[in-house]
Amino acid sequence: MTQATDYINSVAATLKQRDPNQPEFQEAVGNFLKTITPVFEKHPEYIKANVLARLVEPERAIQFQVAWQDDAGNMQVNRGFRVQFNSAIGPYKGGLRFHPSVNLSIVKFLGFEQIFKNSLTGLPIGGGKGGSDFNPKGKSDAEIMRFCQSFMIELQKHIGLDVDVPAGDIGVGGREIGYLYGMYKRLNGSERGILTGKGLSFGGSLARTEATGYGLIYYTNAMLKANGKSLDGKRVLVSGAGNVATYAIQKAEENGAIAISASDSNGYVIDENGINLDVLKDIKEVRRARIKEYVDAVPSATYHEGSVWDADVQYDVALPCATQNEINGDQAAKLIANGAFAIAEGANMPSTPEAIAAYQAADILYGPAKAANAGGVAVSALEMSQNSRRVSDSFATVDGELKDIMETLFANSVAAANEYGEDGNYLAGANIAGFTKVADAMVAQGW
Ligand code: NDP
Ligand code: 2IT
C-alpha cells in the first residue's frame with residue numbers, strides 16, 4: 001500500500017469509529033474516498049496538512065430546539081440543524097431541508113457534498129447545510145409561518161452575509177424563504193443577502209427558481225455532446241415533482257426531449273406525450289397536492305403506486321430529482337435494461353453505491369449530483385452578488401451565466417479526470433476538481 005492509501009484508510013477508519021450511526025454521511029464520504037487516492041499520491045502536501053481529516057469533520061454543527069404553536073393551539077417541538085462544514089473558499093452556503101427524515105446524518109451528508117459542489121461552480125462559497133425534521137405536508141400557511149419564525153429566531157444567531165447564507169432544499173421553497181427572511185429582518189434589519197431564493201420583489205434573483213432544473217439539463221447537454229449525442233427526440237424518465245424536477249422537465253422538453261414521468265413519495269405518472277407543465281405546476285406549486293391528480297387533468301396518462309425506478313417502460317436518459325438513495329442496485333440494473341444510456345442526478349446522492357457500481361459496470365454516462373445539480377447554488381451565489389451590488393440582473397443574463405457555469409464545470413471535471421487517468425469518469429472528475437481547489441486553499445491558509 002502506498003502512503004496515500006494508508007492515509008485515506010486511516011481517516012476512513014477514524015470516521016467509521018466516530019460516527020457509526022450516520023449511514024448517509026458515511027455513504028457520501030465513502031463515495032468520495034473511492035475516487036481520491038491518485039490526488040493524494042500526487043500531492044503529499046495534502047497529507048502533511050492532514051486535509052482529509054479536517055475535511056470530513058464539520059467546522060461547526062449546531063442543533064437547536066424549534067418550538068411552535070399549531071392551529072389548534074398546541075405547542076409542538078421540532079429539531080433544527082445547521083452544519084457549517086467548510087469555509088476554506090468562502091462563507092458557508094447551502095440549503096435548508098424540512099422533511100420528517102432530517103437528522104444529523106442527512107444534514108452532514110448534504111453539507112459534505114455541498115463543499116465540492118460549491119467549489120465546482122467556480123464561485124467563492126464554502127459548504128454548509130441545515131434543516132429540520134418538521135413536516136410541512138398538510139400544514140396551514142399560518143403554521144408554516146410560525147414554524148419558520150421560530151426556526152429563524154435561533155438560526156439568526158449563527159448566520160451572516162460573510163459567515164453563512166442559507167437557501168431552500170426539500171420542503172423549503174419561496175414561501176418558507178419569505179417567512180424566514182421576514183423574521184430575520186425584524187430581528188436584524190434589512191440584509192438582503194442573508195438568504196437566497198427570495199421573492200423577486202425583495203432581492204431574489206431571476207432564474208433562481210428554475211436554476212437547478214435548467215442547470216441539470218445544461219450539464220446533461222454538455223455530457224451528451226461530449227459523447228456525440230443529444231437530448232433531441234430522447235425519452236427521459238424523471239423522478240420527483242418539486243422544484244428541481246419541474247424545471248428539469250421544462251428545459252428537457254425545450255431541448256426536444258419527451259419527459260415521460262413525474263413522481264412523489266406515493267407514486268408516479270407516465271405520460272407518453274410528455275408531462276404537461278401547466279398541469280404539473282398547478283398540482284405542485286399552486287395546490288400543493290399529490291401527483292396522482294395529474295391523471296384527472298390528463299386522462300391519457302397513467303398513475304402507479306410505488307417507485308418510478310420500478311416502472312416497466314423504455315427510455316434513454318434518467319434524471320432522478322427526488323431524494324437520496326432513491327435508486328438501489330436492482331433499480332439501476334432495471335434502468336440499464338430499460339435502455340437508459342445516460343443518467344444525470346438532479347437530487348443529492350440519489351444513487352446507492354451499488355447503483356453507481358452498476359452504471360460504471362455497464363459503462364453508461366453518469367453525471368454525479370455534485371456536478372449535475374450545482375446550478376441552484378450557483379445562481380444562489382449570483383443572487384448574493386446582485387444583492388451586494390444592489391442590482392437585479394435580467395433573466396437572460398443570469399440564465400446565460402448559469403449555462404456558462406454548467407458547461408465550464410463539466411469541462412473542468414473532464415480535465416481533472418483525464419489528468420488523473422480516469423478518462424470518462426465524471427464522478428472522479430467532479431470529486432477531484434471540486435476537492436483540489438478546497439485543499440489548496442486549506443494548505444495555503446495554514447492550520
Ligand atoms: P421539493 O420539496 O420541491 O420536491 C421534492 C420532491 O421529491 C417531491 O416530489 C417529493 O415528494 C419527492 N421526495 C422527497 N422526499 C422523498 C422521499 N423520501 N421519497 C420519495 N420522494 C420524495 O424539493 P427539491 O425539488 O428542491 O429537491 C429535490 C432534490 O434536489 C433533493 O435531493 C435536493 O436536495 C436536491 N437539490 C435541490 C436544489 C434546489 O435548489 N432546490 C439544488 C440542488 C439539489 P413528496 O411531496 O411526496 O414528499
Ligand atoms: O443542494 C443544493 O445545492 C441546494 N439545495 C441549493 C443550495 C443553495 O444555497 O442555493
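Summary of computed values
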read-out	value
Pick from the stretch 159-183, criterion in contact with a strand residue (DSSP E or B) (Cβ under 6 Å, 6 or more places away or on another chain) and not in a loop (DSSP other than H, G, I, E, B), ranking: farthest from ligand 1 (Cβ to nearest atom)	164
Count of residues meeting criterion [surrounded by fewer than 23 Cβ atoms within 10 Å (Cβ to Cβ), part of a strand (DSSP E or B) and touching a Ser or Thr at 6+ places or on another chain (Cβ under 8 Å)] in the stretch 67-92	4
Test for residue 107: is it under 24 Å from residue 160 (Cα atoms) and either open to solvent by less than 10 Å² (accessible area, probe 1.4 Å) or assigned to a helix (DSSP H, G or I) (or both)	yes
Options 405, 364: the member that is open to solvent by 20 Å² or more (accessible area, probe 1.4 Å) and within 14 Å of ligand 1 (Cβ to nearest atom)	405
Of all residues making up the stretch 145-183, the number that are small (Gly, Ala, Ser), touching a Pro at 6+ places or on another chain (Cβ under 8 Å) and open to solvent by 20 Å² or more (accessible area, probe 1.4 Å)	1
Members of the stretch 314-361 found to be among the hydroxyl-bearing types (Ser, Thr, Tyr), within 21 Å of the chain's Cα centre (by Cα) and more than 16 Å from ligand 1 (Cβ to nearest atom), listed by number	359
Test set (1) open to solvent by 10 Å² or more (accessible area, probe 1.4 Å); (2) in contact with an Asp or Glu (Cβ under 7 Å, 6 or more places away or on another chain) - residue 96 fails condition number	(1)
The lone exception for residue 137 - which of (1) assigned to a helix (DSSP H, G or I); (2) open to solvent by 10 Å² or more (accessible area, probe 1.4 Å) it fails	(1)
Filter result for residue 58 (outside any helix (DSSP H, G or I), surrounded by 20 or more Cβ atoms within 10 Å (Cβ to Cβ) and under 28 Å from the mean Cα position of the chain (by Cα))	yes
Condition met for residue 233 (more than 14 Å from ligand 1 (Cβ to nearest atom), under 18 Å from residue 341 (Cα atoms) and free of Cβ contacts under 8 Å to residues at least 24 places away in the same chain)	no
Which numbered condition residue 314 misses (of (1) of a type outside the set (Ser, Thr, Tyr); (2) closer than 26 Å to residue 273 by Cα; (3) open to solvent by less than 10 Å² (accessible area, probe 1.4 Å))	(3)
Number of positions in the stretch 184-221 that are assigned to a helix (DSSP H, G or I) and either among the β-branched types (Val, Ile, Thr) or open to solvent by less than 20 Å² (accessible area, probe 1.4 Å) (or both)	14
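Okay, residues lined up against (1) farther than 23 Å from residue 242 by Cα; (2) aliphatic (A, V, I, L, M); (3) modelled with pLDDT of 95 or more; (4) within 24 Å of the chain's Cα centre (by Cα):
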residue: 128; (1), (2), (3), (4): no, no, yes, yes
residue: 144; (1), (2), (3), (4): no, yes, yes, yes
residue: 152; (1), (2), (3), (4): yes, yes, yes, yes
residue: 162; (1), (2), (3), (4): yes, no, yes, yes
residue: 175; (1), (2), (3), (4): no, no, yes, yes
residue: 178; (1), (2), (3), (4): no, no, yes, yes
residue: 197; (1), (2), (3), (4): no, no, yes, yes
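The values are calculated or read from the model by the stated rules, or taken from the named source; none is laboratory data. Since the structure is predicted, the reported quantities are computational estimates derived from the model, not experimental observations. All Cβ positions, glycine included, derive from the backbone under ideal geometry; neighbour counts span all protein chains shown. Accessible surface is based on the protein model in full, side chains and every heavy atom, while ligands, DNA and RNA are left aside. Shrake-Rupley method; radii C 1.70, N 1.55, O 1.52, S 1.80 Å.
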